[in-house]
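The values are calculated or read from the model by the stated rules, or taken from the named source; none is laboratory data. Since we're looking at a predicted model, the values are computed, not measured. When we count neighbours, we look across all protein chains shown, and the Cβ atoms used for this are built from the backbone with ideal geometry, even at glycine. Each accessible area value is taken on the protein alone, full model and side chains, heavy atoms only, with ligands, DNA and RNA left out. Shrake-Rupley method; radii C 1.70, N 1.55, O 1.52, S 1.80 Å.
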Amino acid sequence: MKYFTLLSSSFAKKIIIFLFSILVAASAHTHGDFLHCLSSHVSSSTSTHEPIFYTPNKSSYSTVLNSSIQNDRFFSPSTPKPFAIITPFHVSHVKATVYCAKKHSVQIRTRSGGHDYEGLSYVSYFNVPKFVVIDLRNLSSVSVDVESKSAWVQAGATIGELYYAIGKKSENLGFPAGDCHTVGVGGLFGGGGYGYLARKYGLSADNILDAKIVDAEGRILDKKSMGEDLFWAIRGGGPASFGIVVAWKVRLVPVPKKVAVFDVLRNLENDATTKLFHRWQRRAYKFDEDLTVYMTFQTAVSSIIDHNGKNVTKIVLQADIRGSFNGGVDKLLELMEKEFPELGLKRQECLEMKWVESFLFFNLFRSGESLDVLLSKKSNFNLLSFKAKSDFVKEPIPDDVFKKMLEMLYEEDVGKAAILVFPFGGKMSKISESAIPFPHRAGNIYAFQYQSSWEKEEEEEKHMNWVRRLYDYLTPYVSKNPRATYFNFKDLDLGTNNLNKGGHTSIKQASIWGTKYFKNNFYRLVQVKTKVDPTNFFTYEQSIPPLR
């Protein structure tokens, strides 16, 4: 019996090796057929002197792949890599990629800025041998029409490029989006898009007027031809489930010639921390909608003078409080004294500048740099490897819970873990939950984000577990049924589709993570998916599945 077992084991290994060799050969064949198909369709449609695709045997492959990875944990050699990176120069190249990928059963990942938290725009954790990345970096033009107060922006552009184009054309127009200039508009708009103007004008996705998308049939559709349902779905529901958005038309909003901003640090000792946050979480969402105040808590090293008169270092808790007000410093100080006196904001801590210049300020460009720095694809923040999770809060959390939450920051490396809070209210509370797929509206007073970063790969599990423990600790104090989270802060801990099994994901299974992102809007997204992509061509780890 023992001999038979050994023989069977040996035979099984040979079978596995044989089957693997067939798989590799089949994959290579598929890769070659796909690239040949793409080459023939691109050459027959549009010519370019630049490479349209990069494969691992090209020296520039790694440079292109790594150029917009914003989370260092995906630099790891063990991270699944695409067998090709497609860099279209024209929408016809996107069409050709969709056609050839569908013909040869190749999965597509679409990348614009690369800031997605789980790397899903350039990583496939399942069906690894058969995926390509469409990197939209070359589709990045922005056309601003001041008269109609609108702009067309291609999906490969960054927020910085959009802000730059608006700022060059007008001092009195802006757009509600995030503050990090290297984030790509393709992903941000598709998932919502929250920033300093959200309390005044809503999300980026609330201000989309039109879009152009390449669907699973290779058709280029606009708002009229795609229909109301699909246009609804791609504004906050994640367009990568439905097609490839190549351009967005956005509504520009009025801003004053000057805005007032501040970014202050406060070392927090004794009850100062609690008093600061106690007031903020009860008032920030009720502030004048022209005023938005963010807070970030983390540890820092501070120099102090001890009782012997010596200069010593100490690890302290620090709050970074950032604010933007659509108006002058005088009015800002008046509002802050009324609404948030605990901060003790001083005139010398405030600056007035053009709206577009505020994004230089919030991206740490504070040495007189020109607006040109907004065109840079390189972030001014060292993001390292990181893991993040998010929550929405409906009732102020107890002071003792807040204290415990902050104490947990001391368990992590100094300055490498952070708890961020973003206020809601204003316009965000006036838009219906079902207006677009993003449902987190009235009743939410602020949002949490918890994150930890690290440098050494072997420390990954330790730091990711810290984020998960903090998330678990706050379970009783955040939104419930479902416990909601922001789609643009993607989190694979919530669950994934069955792609690794080559099987169908049931709606019931997908609803576990889907309702956390979209609440009941998830089920309408499923209906749209079933209508526009019934074969589930556009699929990834947390894509919307169709009804079977």
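Here is a yes/no grid of residues against (1) under 19 Å from the mean Cα position of the chain (by Cα); (2) of a type in the set (D, E, K, R); (3) closer than 27 Å to residue 105 by Cβ:
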| residue | (1), (2), (3) |
| --- | --- |
| 510 | no, no, yes |
| 513 | yes, no, yes |
| 524 | no, yes, no |
| 530 | no, no, yes |
| 535 | no, no, yes |
| 539 | yes, no, yes |
| 542 | yes, no, yes |
Open item on the list: For the condition at pLDDT 90 or above, under 27 Å from residue 153 (Cα atoms) and basic (Lys, Arg), what is the one hit in 95, 103?
Closed with: 95
Open item on the list: Is it the case, given these coordinates, that residue 218 is in contact (Cβ under 8 Å) with a residue 40 or more places away in the chain, on the phi > 0 side of the Ramachandran plot and surrounded by fewer than 19 Cβ atoms within 10 Å (Cβ to Cβ)?
Closed with: yes
TODO: Test each condition in (1) free of Cβ contacts under 8 Å to residues at least 24 places away in the same chain; (2) within 30 Å of residue 76 (Cβ to Cβ); (3) surrounded by 14 or more Cβ atoms within 10 Å (Cβ to Cβ) for residue 364 and report the one that comes out false.
DONE: (3)
Open item on the list: Go through the stretch 46-87 and report how many residues are touching a strand residue (DSSP E or B) at 6+ places or on another chain (Cβ under 8 Å) and of a type in the set (Asp, Glu).
Closed with: 1
- [ ] Please specify each residue of the stretch 299-320 satisfying the condition of being open to solvent by less than 50 Å² (accessible area, probe 1.4 Å) and touching a Gly at 6+ places or on another chain (Cβ under 9 Å).
- [x] 299, 300, 318
TODO: Note down all Cβ pairs under 6 Å where the first residue falls in the stretch 133-156 and is farther than 27 Å from residue 539 by Cα, the second is open to solvent by 70 Å² or more (accessible area, probe 1.4 Å) and among the aromatic types (Phe, Trp, Tyr), and they're at least six residues apart or on different chains.
DONE: 143/152
- [ ] Enumerate the pairs (first residue in the stretch 437-465 and on the phi > 0 side of the Ramachandran plot; second residue anywhere and of a type in the set (D, E, K, R)) with beta-carbon separation below 7 Å, excluding pairs fewer than 6 apart on the same chain, so at least 6 apart or on different chains.
- [x] 443/394
- [ ] For residues that are open to solvent by 30 Å² or more (accessible area, probe 1.4 Å) and assigned to a helix (DSSP H, G or I), tally how many sit in the stretch 162-173.
- [x] 3
- [ ] Could you tell me which residue of the stretch 114-149 is nearest to residue 97 (Cα to Cα), considering only residues that are open to solvent by 10 Å² or more (accessible area, probe 1.4 Å) and among the small types (Gly, Ala, Ser)?
- [x] 121
Task: Residue within the stretch 519-527 that is assigned to a helix (DSSP H, G or I), in contact with a Pro (Cβ under 7 Å, 6 or more places away or on another chain) and more than 21 Å from residue 213 (Cβ to Cβ) present - done: no
TODO: May I ask you to list the residues in the stretch 277-325 that are of a type outside the set (A, V, I, L, M, F, W, C) and at pLDDT below 90?
DONE: 302, 303, 306, 307, 308, 309, 310, 311, 313, 314
- [ ] Search the stretch 326-349 for residues that are open to solvent by 30 Å² or more (accessible area, probe 1.4 Å) and pair each with any residue that is among the basic types (Lys, Arg) and at pLDDT below 95 when their beta-carbon atoms are under 9 Å apart and the residues are at least 6 apart or on different chains.
- [x] 342/275; 344/266
Task: Residue list for the stretch 179-193, filter: open to solvent by 10 Å² or more (accessible area, probe 1.4 Å) and within 21 Å of residue 365 (Cα to Cα) - done: 179, 180, 183
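Okay, residues lined up against (1) touching a Ser or Thr at 6+ places or on another chain (Cβ under 6 Å); (2) closer than 23 Å to residue 377 by Cα; (3) at pLDDT 95 or above:
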residue	(1), (2), (3)
6	no, no, no
11	no, no, no
32	no, no, no
42	no, no, no
57	no, no, no
72	yes, yes, no
81	no, yes, no
88	no, yes, yes
91	no, yes, yes
TODO: Kindly list the number of the only condition in (1) in contact (Cβ under 8 Å) with a residue 24 or more places away in the chain; (2) open to solvent by less than 40 Å² (accessible area, probe 1.4 Å) that fails for residue 200.
DONE: (2)
- [ ] Identify the single condition in (1) outside any helix (DSSP H, G or I); (2) open to solvent by 10 Å² or more (accessible area, probe 1.4 Å); (3) not acidic (Asp, Glu) that residue 176 does not satisfy, given that it satisfies every other one.
- [x] (2)
Open item on the list: If I ask for residues that are over 11 Å from residue 399 (Cα atoms) and open to solvent by 10 Å² or more (accessible area, probe 1.4 Å), which ones from the stretch 256-282 would you list?
Closed with: 256, 257, 258, 263, 265, 266, 267, 268, 269, 270, 272, 282
Task: Close pairs (9 angstrom Cβ cut-off, 6 or more residues apart or separate chains): more than 23 Å from residue 492 (Cβ to Cβ) and free of Cβ contacts under 8 Å to residues at least 40 places away in the same chain in the stretch 520-548, among the aliphatic types (A, V, I, L, M) and open to solvent by 20 Å² or more (accessible area, probe 1.4 Å) anywhere - done: 530/547; 534/547
TODO: Please report, ordered by residue number, the strands (runs of 3 or more DSSP E) entirely within the stretch 34-144 with at least 1 residues that are at positive phi.
DONE: none
Open item on the list: Of everything in the stretch 135-157, what is hydrophobic (A, V, I, L, M, F, W, C) and more than 17 Å from the chain's Cα centre (by Cα)? Give them in sequence order.
Closed with: 139, 142, 144, 146, 151, 152, 153
Task: Any pair with Cβ under 8 angstrom, 6 or more apart, that starts in the stretch 474-490 at a residue that is under 22 Å from residue 408 (Cα atoms) and of a type in the set (Val, Ile, Thr) and ends at one that is open to solvent by 20 Å² or more (accessible area, probe 1.4 Å) and in a loop (DSSP other than H, G, I, E, B) - done: 475/483; 478/394
